[in-house]
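In what follows, a structure is listed as structure tokens, so that the remarks can point back to it.
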Amino acid sequence: MYNLPSPQIEGEILAYIPFGDIVYYFSPYTLVLFIFALTFTALAILSRPEKQVDIAFGGDAYYTKEIPEKQMRFQRFMAISCGLATMAGVTTGDIFNFTLLTAMVGICNIGIVASVKNKHVLDNAYEYGILAMIGTLPLFGAAAIILATTGTLSLWEIFTPAVSVPVIAKALLVIGVIGEGMAPVYVAKAEITRAPGAPYVLMIHVSSLLMFLRVVEIIISM
Amino acid sequence: MISFLLYLLLAVFIGLLYHGIHRKVIARIQTRPGPPVWQEFLHTLKFSFKQTWIPMTASQLMFVAIVVIMIAIWVGGLYVLLTGGSLLILFAIFLLHKITEHGLGLSSGSPYGKFGAIRSVISAASEIPLFATVGAIYMVTGSLMISDITAYEAANGPLLLSVIALPMAIAMYVIVLSKVPYNPFGIIEAKEIVSGNKTEHFGVWRAGLETGFAIKTFVLLAAFVTLFIGALPLWLLLIAMLIVLLTMSFICALTPMLSPYDAVTIQALIIGFVVVYVVIAGVIL
């Protein structure tokens, strides 16, 4: 019953899990992404955070940053939520579901950054919040245009050659995912060096880049 | 299964050997004697038997797991290449490699590692779209399965000679170039940050990384040759890979390492060029 319309892009279907009209599926491609998201979620659950070394300017002193228990618990919760959203996002067969999960990834990413009690880091989290909220506009706009023009949200239908998706919807979808996946924006600012990284901050990059990978597949398949 | 394991051993052997040849060629161009071509084997063996521990500041499980993940993804890449799987999966593996590069640096707690990790994501912002442009091969061949692409080339000639696919070859070449040692885009391992994201990984961990990087070099070079020249017998494939690597050795020897800003800018310009070309070609087609 469930056969991918475009097996020449991501390979033949391996398994599917129907939830009503939303059908999650595993192709060789989505399976690779899922396993990777699962691996890093497991690492976020099991790993203790790093103790970042900071060097004091003007002397030979250096010290390590300890993460408070409360902050670690919240970061871990956000990282796990982010991992779950990513796992669902890379396997979903519904475009609206995909945009919804991408937005959730964005929110979790903000949460991971915002849990650090540092004025500069919190300023940054606020800016990411604005960026992510702006990103939802093209993201959901793309889903709305796709629904309006094709009459369906199911990727199974949208991937068939008979269904044509406007280029503007594809472009908006990519812009939306880039807006939500803030990894390159985050690392380009100094605040990443103020907040201890592994394994929670790593989840920001894992989720951003995996959602980008999924949207590339969706765009090519449409 | 046994044949895959043999290919895996070959990939490690050839990858390390090609790294050694790469270093030797760079040295000779710069009129230095350079190390022997088997230097990378010696490095890997030396690291395998050196004393090893995990820094106290590290996220310990992540510190070790990231090395295993690094090797695992490229073993997976080799499998995809040998079985003629989807080019999209190879693209995913390349991206996952960027994440492991990032994780390597972040997991140690070292500021040098962290700066290497930061640079790895900055470079990902330009390298990943660059690789994504290779998806435009789909426009030409109608498939992203490597087996279909090689079948297309057997029927229609190498993609390298196709005017439409040439910019994708350039994009892929820049990607492979940015992954060979001592390349101008190698900002994550620049010496001003010691060894960047690899700084704290020594001993067995470094030996594991060197093994993973050897497989990576083999997979990327083999993928480039297979995608743009076609399926070749093994001996011819190895020669073609070596020729591609030697062209890169010349670039590495004659080009200084770029600053992070310049590295991203140049790659972004190439992306812009390829995207414009693909859009124009798409309209004409």
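The values are calculated or read from the model by the stated rules, or taken from the named source; none is laboratory data. Only a predicted model underlies this, so the values are computations on that prediction, with no experimental measurement involved. We place every Cβ from the backbone using ideal geometry, glycine too, and count neighbours over all the protein chains shown. Surface accessibility is based on the protein's heavy atoms, side chains included, excluding ligands, DNA and RNA. Shrake-Rupley method; radii C 1.70, N 1.55, O 1.52, S 1.80 Å.
For the range B:177-192, taking the residues that are out of contact with any Phe, Trp or Tyr (no Cβ under 8 Å at 6 or more places or on another chain) and small (G, A, S), the one that is modelled with the highest pLDDT is identified as B:G186. Annotation for the range A:29-40: no member residue is small (G, A, S) and free of Cβ contacts under 8 Å to residues at least 40 places away in the same chain.
Out of curiosity, is B:L90 more than 9 Å from every other protein chain (Cβ to nearest Cβ), over 26 Å from B:V204 (Cβ atoms) and under 20 Å from the mean Cα position of the chain (by Cα)? So B:L90 fits the description; yes.
Of everything in the range B:102-124, what is more than 7 Å from every other protein chain (Cβ to nearest Cβ) and open to solvent by 10 Å² or more (accessible area, probe 1.4 Å)? Give them in sequence order. B:Y112, B:F115, B:R119, listed by residue number.
Please verify whether B:T100 is of a type in the set (S, T, Y), under 17 Å from the mean Cα position of the chain (by Cα) and at pLDDT 80 or above, treating the condition exactly as stated. Against the criterion (of a type in the set (S, T, Y), under 17 Å from the mean Cα position of the chain (by Cα) and at pLDDT 80 or above), B:T100 qualifies. Any residue at all in the range B:54-76 that is more than 11 Å from chain A (Cβ to nearest Cβ), surrounded by 22 or more Cβ atoms within 10 Å (Cβ to Cβ), of a type in the set (F, W, Y) and on the phi < 0 side of the Ramachandran plot? Yes, the range B:54-76 contains at least one residue that is more than 11 Å from chain A (Cβ to nearest Cβ), surrounded by 22 or more Cβ atoms within 10 Å (Cβ to Cβ), of a type in the set (F, W, Y) and on the phi < 0 side of the Ramachandran plot.
Scanning the range B:37-73 for residues that are at pLDDT 85 or above, in a loop (DSSP other than H, G, I, E, B) and in contact with a Phe, Trp or Tyr (Cβ under 8 Å, 6 or more places away or on another chain) turns up just one, B:K50.
Residue under question is A:T152, and the condition is that it be without any contact (Cβ under 8 Å) to a residue 12 or more places away in the chain and outside any helix (DSSP H, G or I); does it hold? Lay out the reasoning, then the answer.
Numbers: without any contact (Cβ under 8 Å) to a residue 12 or more places away in the chain: yes; outside any helix (DSSP H, G or I): yes.
So A:T152 passes the test.
You will find that of A:I178, A:I130, the residue that is out of contact with any Gly (no Cβ under 9 Å at 6 or more places or on another chain), in a helix (DSSP H, G or I) and either open to solvent by 70 Å² or more (accessible area, probe 1.4 Å) or over 23 Å from A:F34 (Cα atoms) (or both) is A:I130 and no other.
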